[in-house]
Structures are given as structure tokens and as C-alpha cells.
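Remarks on the structure that follows.
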Amino acid sequence: MEESAGGHKVFVETEDSHAATHLQDTPGLINLLKEAVPKIALAGTRGKQERFQIDMGRVIGTQDLVETQEGDEVIYAKRPNRDRYSPFVKNREPQPTSSLVIRLDKAGENEYDIYTAYIGILTPSMPYGDGRDSPEGLDFWKRHALILGHQTILPETVTKNCPWEGPSSS
């Protein structure tokens, strides 16, 4: 795809990856990646991931992540190519942003794969709910949600119960 500022080759899998779902849901994202990747200085550490929040210097789209408020109706669902649930909130509007997030995974000598890329802010990973989650990540996702209707979800996975808190939560 592109080369980073340090000469690392950066690729994106466009069909069966986290990045693929964002590319399908966000027109123009591939062009933003082509603009941003050459500006990224990668550390080149083998077996590691690197995450970046890049200010593109102009409004590039809308962010569909919001802090939840009392009275919000939150549901949980899986998105394509994911094994974890994401929280979604109904009846909220996305906000303009200039930020692009990219997570790159070291794929080989001098090569990286774009694991995910989206318009918005850098966030902790979605919780697993099995004891491996950081307290900071759990706290973040208990207080934040994606706006329903702005990303593809798998309808058969929709639930009102928080998957990382067990069936007693609502």
C-alpha cells in the first residue's frame, strides 16, 4: 500500500480484517490512510503493535464514539470480523473530528499490516470479559459507546446485557 516515514512497508487487508469493516463503513478512509502512513515514524520492534492518533489538520469526518449519559439506551453487538461485543447507544449524533487512528502490527522484517483504522480518538481495546481486561479499558467502555447506525453490526448478536459484566447487568 504505502511506505512509512522510516521506509517500512505498510499493507492493509481489505476483506477479512478490522480495517476492512471500517473501510466499508467509511468512504474516503483509504485515501486518508494513503495520506497519513507516509508521515508515521515506526519503531520497527519485531512482534509488536504500534498505535497512533493523527491530527490531519482539518475535519476529515465524524467520530461516532460518545460518552454515555444517564438515560441513554445502550445495547451490545458484535461487528463483522470481531469476536468481542461493542457497546452502541441509540439517538445520538456523531461529531466532526480531525483525528485518524491507525493500529499497525509488525508483520515481518520492515513490514506492517494495518490492523484497524478509523476516524476518531485512540481508545482501549474492547473488553473480553474473561479477566484479561485492564481496569482502565473496562472503565472506559462502561462510560463510552459507539453510535448505533454508523457501523455494521451482526443483528443476531444484539443484546441488552453487558457481555463483560454478566447477565445480571442491564
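The values are calculated or read from the model by the stated rules, or taken from the named source; none is laboratory data. All figures in this text were calculated on a predicted structure; none of them were measured in a lab. Using ideal geometry, Cβ is built from the backbone for each residue, glycine included, and neighbour counts are taken over all protein chains shown.
Going by the conditions given, is THR159 under 19 Å from the mean Cα position of the chain (by Cα) and either under 23 Å from GLN24 (Cβ atoms) or surrounded by fewer than 19 Cβ atoms within 10 Å (Cβ to Cβ) (or both)?
For THR159, the condition - under 19 Å from the mean Cα position of the chain (by Cα) and either under 23 Å from GLN24 (Cβ atoms) or surrounded by fewer than 19 Cβ atoms within 10 Å (Cβ to Cβ) (or both) - is not met.
Of the conditions (1) exposed (fewer than 14 other Cβ atoms within 10 Å of the Cβ); (2) closer than 22 Å to GLN24 by Cβ; (3) not small (Gly, Ala, Ser), ARG143 satisfies every one except a single condition; which number is it?
For ARG143, the failing item is (2).
Going through the range 60-91 one residue at a time, which ones are assigned to a loop (DSSP other than H, G, I, E, B), of a type outside the set (Ser, Thr, Tyr), in contact (Cβ under 8 Å) with a residue 12 or more places away in the chain and surrounded by fewer than 19 Cβ atoms within 10 Å (Cβ to Cβ)?
Hits for the range 60-91 are ASP72, GLU73, PRO80, ASN81, ARG82, ARG84, LYS90, ASN91.
Residues that are of a type in the set (Phe, Trp, Tyr), within 26 Å of GLU13 (Cβ to Cβ) and modelled with pLDDT of 95 or more: does the range 88-98 have at least one? I'd like the intermediate steps shown before the answer.
Residues of the range 88-98 of a type in the set (Phe, Trp, Tyr): 88.
Subsequent filtering for residues that are within 26 Å of GLU13 (Cβ to Cβ) retains 88.
Now drop any that are not modelled with pLDDT of 95 or more, which leaves 88.
Yes.
Report yes if TYR115 is outside any strand (DSSP E or B), under 29 Å from GLU165 (Cα atoms), in contact with a Lys or Arg (Cβ under 8 Å, 6 or more places away or on another chain) and aromatic (Phe, Trp, Tyr), otherwise no.
no
Here is a list: LEU122, LEU146, LEU100. Which entry is outside any strand (DSSP E or B), closer than 16 Å to LEU65 by Cβ and of a type in the set (A, V, I, L, M)? Steps first, please.
On the way: LEU146 fails: outside any strand (DSSP E or B); LEU100 fails: outside any strand (DSSP E or B).
Residue meeting the stated conditions: LEU122.
Mind counting the residues in the range 1-41 that are in a loop (DSSP other than H, G, I, E, B), charged (D, E, K, R) and either in contact (Cβ under 8 Å) with a residue 12 or more places away in the chain or under 14 Å from ALA107 (Cβ atoms) (or both)?
The qualifying residues number 2.
If you go through the range 10-26, how many residues are in contact with a Gly (Cβ under 9 Å, 6 or more places away or on another chain) and either among the aromatic types (Phe, Trp, Tyr) or surrounded by fewer than 18 Cβ atoms within 10 Å (Cβ to Cβ) (or both)?
0
Could you list, in sequence order, the residues of the range 104-129 that are within 16 Å of ARG82 (Cα to Cα) and out of contact with any helix residue (DSSP H, G or I) (no Cβ under 8 Å at 6 or more places or on another chain)?
Once the filter is applied, which keeps residues that are within 16 Å of ARG82 (Cα to Cα) and out of contact with any helix residue (DSSP H, G or I) (no Cβ under 8 Å at 6 or more places or on another chain), the range 104-129 yields TYR128, GLY129.
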